[in-house]
Structure formats: C-alpha cells, structure tokens
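Down below is the structure, laid out as structure tokens.
The values are calculated or read from the model by the stated rules, or taken from the named source; none is laboratory data. Predicted model, so just to flag it, every value in this text is computed and none were measured. No Cβ is skipped: glycine too gets one built from the backbone with ideal geometry, and neighbour counts run over all protein chains shown.
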Amino acid sequence: MSRISHRDDRWLFFNPIKILEIIMKKIFLFIAIAFSAATNAQVTKVSLQASGLTCSMCSNSIFKALKTLDFVDNVDADIKTYTFEISFKENSNVDFDMIKKKVEGAGFAVSGFVATILFKNVRVMNGQPITIEDKTFYFVNTNDQAVNGARKVKVLDKGFVSPKEYKRNAFPVSAPRTFHATL
C-alpha cells in the first residue's frame, strides 16, 4: 500500500492545472445557478378566451370567479369574443393554473391563454427552459433571440388552448408550473 506524503499533497494543492480545474468548476456552478434563477421578466396581464359561454350571465360567472384571486387587480370582459383581459396587482405572483381552475370551476373551459410578459433582455432559445417568476417556460417554434419589452406569450398546453389546437401540438403533460409557449 502506498502512502502520499505531505510533500505530494502540497504538489496537488499548488498544481496550477488542478487549481484551474477547481476554479473552472466553481465558475460553471455559478453560471448554472445564475441561469436557473428567475429571469428578469414579469407577467403583467393575461388575455383569456373561454368556451361554453352562451349569455352575459355566463360571462358574469367567470368574471366573479376571477375576481376572487388575490393577485388579480382588474378583469375586463368582452361578451362578443368571450375574452377576459386580466391585469394583476403590482409585484404579485401570477398563478396560471389557478386562473384556469377558476374558469373551469365556473363551468367553462379555457380555449386561449395569452400572457403579456415584460422582458428585460432575456435570451429565449427554442426548446430551452426559462424561469419567469415561479413558472418554467419551454418556448417552441421560435427563433433564438434576446427579448426586451412587453411581449405576448401564448401558452400551448392542454387546458390552455382548444382541444383541436392541443391535438396539433400534443405536448407531453408537464409538471405543475411548467408551460410550453410561443412568442
């Protein structure tokens, strides 16, 4: 059995290649943590289209359900197009799944879900995850680009688009707070 002497140990410690390897590992770890952290973006509003509405009472039912969410500031309903423009309280954490559940709880379905997100120099790459607030987005059918300013992001997952549109995309069921989307 061989033993490493203290002298050999010091050689490893002062070996410039070993030191460089350790520094590079720490740099890569720092970069990985930085990119996995939330990006500099915020959801400012959502345009939601509901299906199954037949009258103004149906629209009122969804309106009342959405207003119960603590992060919702205002809801504007358009009965002719079955759309709801939802704005949020400042610095609030918007929960897409809760919005969908409220619409479904009122007896209707979401057939379109477009979030307006304020981006601040965020790099969007096709198929790569981006964390915005507590949500992870996988952007599909988009060019790699740096995104600035308010942009509309369409959520493409089941329950956020019509069944017909979902069949065209057929993304696998995602983990909670993980969404497939396009710009």
**Prompt:** Going by the structure shown, is ILE79 buried (at least 19 other Cβ atoms within 10 Å of the Cβ) and more than 16 Å from SER162 (Cβ to Cβ)?
**Reply:** no
**Request:** Check the stretch 106-122 and report whether any residue there is out of contact with any Leu (no Cβ under 8 Å at 6 or more places or on another chain), assigned to a helix (DSSP H, G or I) and surrounded by fewer than 20 Cβ atoms within 10 Å (Cβ to Cβ).
**Result:** no
**Search result, residues across the stretch 147-178 that are in contact with a Phe, Trp or Tyr (Cβ under 6 Å, 6 or more places away or on another chain) and either outside the structural domain of MET125 (by TED's automatic domain parsing) or not in a strand (DSSP E or B) (or both)** = ASP157, PHE160
**Message:** If a residue must be among the β-branched types (Val, Ile, Thr) and surrounded by 12 or more Cβ atoms within 10 Å (Cβ to Cβ), how many such residues does the stretch 47-67 contain?
**Reply:** 1
**Test result for LYS80, at pLDDT 90 or above and of a type outside the set (A, V, I, L, M)** = no
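Could you look through the stretch 128-146, keep only residues that are among the β-branched types (Val, Ile, Thr) and assigned to a strand (DSSP E or B), and pick out the one that is farthest from ASN93 (Cα to Cα)?
For the stretch 128-146, the residue satisfying everything is ILE130.
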**Message:** Checking ASP70 against (1) surrounded by 13 or more Cβ atoms within 10 Å (Cβ to Cβ); (2) over 17 Å from the mean Cα position of the chain (by Cα), only one condition comes out false. Which one?
**Reply:** (1)
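For the stretch 159-178, enumerate the residues that are farther than 22 Å from TYR82 by Cβ, touching a residue at least 40 places away in the same chain (Cβ under 8 Å) and either surrounded by 14 or more Cβ atoms within 10 Å (Cβ to Cβ) or of a type in the set (A, V, I, L, M, F, W, C) (or both).
Matches in the stretch 159-178: ARG177, THR178.
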**Request:** Could you please give the count of residues in the stretch 53-98 that are among the aromatic types (Phe, Trp, Tyr), part of a strand (DSSP E or B) and closer than 17 Å to GLY159 by Cβ?
**Result:** 1
**Message:** Return the pair list, or none, for Cβ contacts closer than 7 Å from residues in the stretch 79-90 that are touching a residue at least 60 places away in the same chain (Cβ under 8 Å) and assigned by TED's automatic domain parsing to the domain that holds LEU66 to residues that are in a strand (DSSP E or B) and surrounded by 13 or more Cβ atoms within 10 Å (Cβ to Cβ), at least 6 apart or on different chains.
**Reply:** none
